[in-house]
Amino acid sequence: MEAELAAAYDRCRELHRRHGRTYYLATRLLPAWKRRHVHALYGFTRYADEIVDRTDALPPAERAARLDDWAGRFLAGLHGEPVDDPLLPAVLHTIAVFDLDRDDFASFLKSMAMDLSVTSYPSYAHLLDYMEGSAAAIGTMMLPVLESSDPAAAREPARQLGFAFQLTNFIRDVGEDLARGRTYLPDEDLDRFGVSRDDLAEASRRGRATPAIRALIAYEVRRAQAHYAAAAPGITLLAPASQACMRTAYALYGGILDEVAAQDYDVFARRAVVPRRRRLAVAARALLTPTGTPVVVPGPPLPRAVPAETTLPRTAAS
């Protein structure tokens with residue numbers, strides 16, 4: 001049993017190392033006993049995402065069946081049944097150790113299932129409903145592992161950080177998502193800037209964004225900044241041993257927005273990534289930063305083309 005559990009944690013760590021470079025680097029700043037639990041939660045979310053996105057050569061019904069089968073084994077494990085899976089024992093163990101909220105996992109799996117049938121979102125409110133499971137729930141899953149001096153006060157910032165990280169990914173990965181037949185930029189935002197899906201596809205093909213698309217991306221960057229701002233107070237509420245990790249993750253994901261701005265909001269010209277040297281410098285600086293020091297909200301200056309009426313989403317204001 002112990003060997004099986006250790007192997008499952010190793011499997012999760014390897015998934016995290018291979019696919020989550022930014023967060024994996026940040027996780028290395030945690031105490032050793034916490035790392036494997038973060039790896040387990042990342043492995044759970046990544047494996048579900050791979051069922052949805054890495055099997056896209058299969059018919060949607062077969063992909064849905066695979067996700068249902070894996071989710072069924074997970075739910076059976078939650079009820080104490082033996083689980084034959086290379087990854088799930090670690091996740092189930094982490095859930096038990098920290099008494100994590102099972103509803104967060106159900107919400108996450110629901111959003112993963114949406115990716116098999118939903119290809120666009122009419123409004124930002126609709127996208128937030130999706131991200132409630134795919135992003136906010138991950139923030140609240142992680143919170144007990146990271147620990148906090150005030151878990152109730154830290155809960156909403158943790159949700160907002162999930163939104164901020166995922167919206168950053170959506171901004172950076174417009175072309176990759178298009179290739180999978182999806183757009184995560186809301187239809188109402190495309191309409192606001194006079195951009196169609198055909199325009200996005202053409203920009204992806206040409207490797208160059210139009211001025212209208214760049215204005216759209218700048219608008220979404222401002223929206224992501226609102227989530228980062230709402231998440232910022234939560235970093236100093238974390239246990240001192242967890243602050244360097246999350247300070248690093250916060251700065252590096254926010255740094256992707258800086259890279260997007262540096263290429264004039266053209267996410268088709270190249271993939272926006274934070275250079276390795278900068279990633280290492282951010283991690284080192286986080287280790288040297290006294291606990292309780294507020295984080296700096298990422299915020300490149302935005303062009304005048306971006307409307308000023310962007311508002312903080314309702315979840316941040318509640």
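Overview of results
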{"quantity": "Extension reserve of the Asp129-Val296 stretch, reckoned as 0.36 nm per residue once the Cα distance is removed", "calculated": "57.4 nm"}
{"quantity": "Packing-based ranking, highest mean first, of 186-196, 286-296 given that Cβ atoms within 10 Å are counted", "calculated": "186-196, 286-296"}
{"quantity": "Once the Cα gyration tensor of region 1-108 is diagonalised, semi-axes √(5λ) in Å", "calculated": "22, 18, 12"}
{"quantity": "Stokes-Einstein D (µm²/s) once Rh is taken as the Kirkwood radius of region 149-293 over alpha-carbon pairs, at 37 °C in 0.692 mPa s", "calculated": "202 µm²/s"}
{"quantity": "Residues of region 106-257: accessible area per residue with a 1.4 Å probe, Å²", "calculated": "33 Å²"}
{"quantity": "Dipole magnitude (debye, nearest 20) for region 71-211, charges at Cβ of Lys, Arg, Asp, Glu", "calculated": "420 debye"}
{"quantity": "Choice from Glu132, Glu220, Glu14 showing the highest fluctuation, given a GNM over the chain with Cα pairs closer than 10 Å", "calculated": "Glu14"}
{"quantity": "Given (1) 27, 22, 22; (2) 31, 25, 17; (3) 39, 37, 23, the label whose value is semi-axes √(5λ) of the Cα gyration tensor in Å derived from this model", "calculated": "(2)"}
{"quantity": "Virtual spin-label span in nm between Glu81 and Ala281, 7 Å along Cα→Cβ", "calculated": "5.3 nm"}
{"quantity": "Modelled FRET efficiency - R0 45 Å, Ala241 with Arg73, Cβ distances, 0.05 increments", "calculated": "0.85"}
{"quantity": "Kyte-Doolittle mean at least 0.5, axial Cα span of 15 Å or more - DSSP H helices of the chain", "calculated": "88-98"}
{"quantity": "Whole-Å distance, taken between Cα centres, linking region 121-181 and region 50-98", "calculated": "21 Å"}
{"quantity": "Length gained when the stretch Arg21-Lys110 is fully extended (0.36 nm per residue, less Cα-Cα span)", "calculated": "29.5 nm"}
{"quantity": "Sulfur and carbon atoms: percent of accessible area, the chain [1.4 Å]", "calculated": "54 percent"}
{"quantity": "Highest-MSF residue in the chain out of Arg73, Arg159, Arg13 [GNM, Cα springs under 10 Å]", "calculated": "Arg73"}
{"quantity": "Pairs of Cα atoms farther than 25 Å apart, region 43-164, %", "calculated": "27 percent"}
{"quantity": "Dipole magnitude of the chain about its Cα centre (Cβ charges: Lys, Arg +1; Asp, Glu -1), debye to nearest 20", "calculated": "1460 debye"}
{"quantity": "Distance in nm between pseudo-label sites at Val273 and Asp99 (7 Å out along the Cβ direction from Cα)", "calculated": "4.3 nm"}
{"quantity": "Kirkwood Rh in Å, taken over all unlike Cα pairs in region 158-240", "calculated": "13.8 Å"}
{"quantity": "Where labels lie 7 Å past Cα in the beta-carbon direction, separation of Ala7 and Trp33 in nm", "calculated": "2.7 nm"}
{"quantity": "Positive-end residue of Ala283, Tyr9, Val297, charge dipole of the chain with Cβ unit charges", "calculated": "Ala283"}
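The values are calculated or read from the model by the stated rules, or taken from the named source; none is laboratory data. Note that this is a predicted model, so its numbers are computed, not measured. Neighbour counts run over all protein chains shown; Cβ positions are idealised from the backbone, glycine included. Please note that ligands, DNA and RNA were not included when accessible areas were found on the heavy atoms of the full protein model with its side chains. Shrake-Rupley method; radii C 1.70, N 1.55, O 1.52, S 1.80 Å.
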